[in-house]
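Novice: Sharing a structure below in structure tokens format, with a few things to ask.
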Amino acid sequence: MTFSCNSETSISYSGSYRSYLGHGRVAIPRKCRCGLNVDLRTCDDGRRFYVCKGDTMDGEPHLRMWLEEAILEELGELKDGLAGVSTQVQYLSVSCGRLEGIVSDIEVLKGIIKKRDDRAGYEFKMAVAFGIIASIVALTALFN
């Protein structure tokens, strides 16, 4: 793709369109790979582009990117990000289903434990009652 822009109010050059993976990302540039800020400029025909505020030894900017290309790349990045979010939502949905099953199992176990505790309490009360009756019977036999 040819990158050509001639303007008195903005920089003048013609060359190849350059995109790069500056600072670990593509799309709308925030900083150049050299670390300098990026300028948004306008050609005479009204077309806008990003350019590095610095320059290399040959006088050419590190970055030249049409605004619309940057926006398309940004939208592509966002679409890829949404695909990742969709996968995470599906994973969370499955995890929630598993958690609901675990909660249900815990509720069943709580019911079993309550029944066991109720039965143990009943058995303890019965043992105390039989102990008291046995003591009364033994005491009655001693005094008769």
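The values are calculated or read from the model by the stated rules, or taken from the named source; none is laboratory data. Quick caveat: nothing in here was measured; it's all calculated off a predicted structure. Cβ atoms come from the backbone with ideal geometry, glycine included; neighbour counts cover every protein chain shown.
Novice: Given the conditions (1) at pLDDT 90 or above; (2) within 29 Å of the chain's Cα centre (by Cα), report the number of the one that residue 79 does not fulfil.
Specialist: Exception for residue 79: condition (1).
Novice: Is it true that residue 109 is under 29 Å from residue 31 (Cα atoms) and without any contact (Cβ under 8 Å) to a residue 12 or more places away in the chain?
Specialist: Details: under 29 Å from residue 31 (Cα atoms): no; without any contact (Cβ under 8 Å) to a residue 12 or more places away in the chain: yes.
No: the conditions fail for residue 109.
Novice: Looking for whichever is basic (Lys, Arg), touching a His at 6+ places or on another chain (Cβ under 6 Å) and surrounded by 10 or more Cβ atoms within 10 Å (Cβ to Cβ) here; the options are 125, 31, 53. Which one fits? Spell out how you get there, then give the answer.
Specialist: Working: 125 fails: touching a His at 6+ places or on another chain (Cβ under 6 Å); 53 fails: touching a His at 6+ places or on another chain (Cβ under 6 Å).
Going through 125, 31, 53 in turn, just one is basic (Lys, Arg), touching a His at 6+ places or on another chain (Cβ under 6 Å) and surrounded by 10 or more Cβ atoms within 10 Å (Cβ to Cβ): 31.
Novice: Quick one: would you say residue 42 is free of Cβ contacts under 8 Å to residues at least 40 places away in the same chain, surrounded by 12 or more Cβ atoms within 10 Å (Cβ to Cβ) and polar (S, T, N, Q)?
Specialist: Numbers: free of Cβ contacts under 8 Å to residues at least 40 places away in the same chain: yes; surrounded by 12 or more Cβ atoms within 10 Å (Cβ to Cβ): yes; polar (S, T, N, Q): yes.
Against the criterion (free of Cβ contacts under 8 Å to residues at least 40 places away in the same chain, surrounded by 12 or more Cβ atoms within 10 Å (Cβ to Cβ) and polar (S, T, N, Q)), residue 42 qualifies.
Novice: Condition first: modelled with pLDDT of 90 or more and of a type in the set (D, E, K, R). Can you find one or more residues in segment 46-67 that meet it?
Specialist: Scanning segment 46-67, I find at least one residue that is modelled with pLDDT of 90 or more and of a type in the set (D, E, K, R), so the answer is yes.
Novice: Of the residues 86, 135, which single one is closer than 30 Å to residue 29 by Cα and either in contact (Cβ under 8 Å) with a residue 60 or more places away in the chain or out of contact with any strand residue (DSSP E or B) (no Cβ under 9 Å at 6 or more places or on another chain) (or both)?
Specialist: Numbers: 135 fails: closer than 30 Å to residue 29 by Cα.
Of the residues listed, the single one that is closer than 30 Å to residue 29 by Cα and either in contact (Cβ under 8 Å) with a residue 60 or more places away in the chain or out of contact with any strand residue (DSSP E or B) (no Cβ under 9 Å at 6 or more places or on another chain) (or both) is 86.
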